[in-house]
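Written below as structure tokens is the structure these notes are about.
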Amino acid sequence: MLEFPCPDWLSALQMFFALAIGHALADFPLQGEFLAMCKNRRLLMRMKDPGRPPELWVYCMAAHCLIHAGAVWVITGSATFGAVEFALHWALDQAKCGGKTSFAADQIAHLLCKAGYIAAGAVIMS
């Protein structure tokens, strides 16, 4: 188990690596095609599939963000950072699904959030 807040720079690097792994797991295999498609309101509106009504997006986005929040909570031990992850992940994915950011920019922003949690933990510790 990693110590959080991180007591030194090596622990901080290990924590970032763990959070990056958690992000990769939550954003790819744990998201799946259904959540990836149905969290995108614009896509659902274009599809006009009665089995996937546009209102479905909010449930799928919430499920996807909860997976990410859970990963952050489990890795850091902080429910607060898990809740922050839920909100930030929602906002970032909304921007991506709305065509306001690219896939690459979205992924970089998510990893910057992880670095921010580590930095915030260091501030709390001092």
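The values are calculated or read from the model by the stated rules, or taken from the named source; none is laboratory data. As the structure is a prediction and not an experimental result, all values here were calculated from the model. Because the Cβ atoms are built from the backbone with ideal geometry, glycine has one as well, and the counts that use them run over all protein chains shown.
A quick yes/no check of all residues on (1) β-branched (Val, Ile, Thr); (2) touching a Phe, Trp or Tyr at 6+ places or on another chain (Cβ under 7 Å):
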site	(1), (2)
27	no, no
51	no, no
56	no, no
61	no, yes
72	yes, yes
85	no, no
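Would you please name the residue that is nearest to the chain's Cα centre (by Cα), looking only at residues in region 77-126 that are polar (S, T, N, Q) and surrounded by fewer than 18 Cβ atoms within 10 Å (Cβ to Cβ)? Step through it out loud before you land on a result.
Taking region 77-126 as the starting set, the residues that turn out to be polar (S, T, N, Q) are 78, 80, 94, 101-102, 107, 126.
Filter once more, so that each one left must be surrounded by fewer than 18 Cβ atoms within 10 Å (Cβ to Cβ): 80, 94, 101-102, 107, 126.
Details: 80: 14, 94: 12, 101: 15, 102: 15, 107: 9, 126: 27 Å.
If we take residues in region 77-126 being polar (S, T, N, Q) and surrounded by fewer than 18 Cβ atoms within 10 Å (Cβ to Cβ), then 107 is nearest to the chain's Cα centre (by Cα).
Has region 35-58 got any residue that is under 30 Å from residue 7 (Cβ atoms) and either surrounded by 12 or more Cβ atoms within 10 Å (Cβ to Cβ) or at pLDDT below 95 (or both)? Lay out the reasoning, then the answer.
Looking only at region 35-58, we keep the residues that are under 30 Å from residue 7 (Cβ atoms), and these are none.
Checking region 35-58: not a single residue is under 30 Å from residue 7 (Cβ atoms) and either surrounded by 12 or more Cβ atoms within 10 Å (Cβ to Cβ) or at pLDDT below 95 (or both).
Which one of these does residue 44 not meet: (1) farther than 17 Å from residue 27 by Cβ; (2) within 16 Å of the chain's Cα centre (by Cα)?
Only one criterion is unmet by residue 44, namely (2).
Show the residue pairs that are 6+ apart or on different chains and have beta-carbon atoms under 6 Å apart, the first residue being within region 60-71 and at pLDDT 95 or above, the second being not in a helix (DSSP H, G or I).
Every condition considered, the pairs that remain are 60/39; 61/39; 64/31; 64/39; 67/30.
Looking only at region 1-47, count every residue that is polar (S, T, N, Q) and within 18 Å of residue 93 (Cβ to Cβ) and tell me the total.
Looking only at region 1-47, we keep the residues that are polar (S, T, N, Q), and these are 11, 14, 31, 40.
If we keep only those that are within 18 Å of residue 93 (Cβ to Cβ) too, we end up with 31, 40.
So the answer is 2.
Out of 83, 91, I need the residue that is among the small types (Gly, Ala, Ser), under 29 Å from residue 18 (Cα atoms) and either free of Cβ contacts under 8 Å to residues at least 12 places away in the same chain or not in a helix (DSSP H, G or I) (or both). Which one?
On the way: 83 fails: either free of Cβ contacts under 8 Å to residues at least 12 places away in the same chain or not in a helix (DSSP H, G or I) (or both).
Every option except 91 fails the conditions.
Of everything in region 22-34, what is in contact with a helix residue (DSSP H, G or I) (Cβ under 6 Å, 6 or more places away or on another chain) and either surrounded by fewer than 17 Cβ atoms within 10 Å (Cβ to Cβ) or modelled with pLDDT under 95 (or both)? Give them in sequence order.
30
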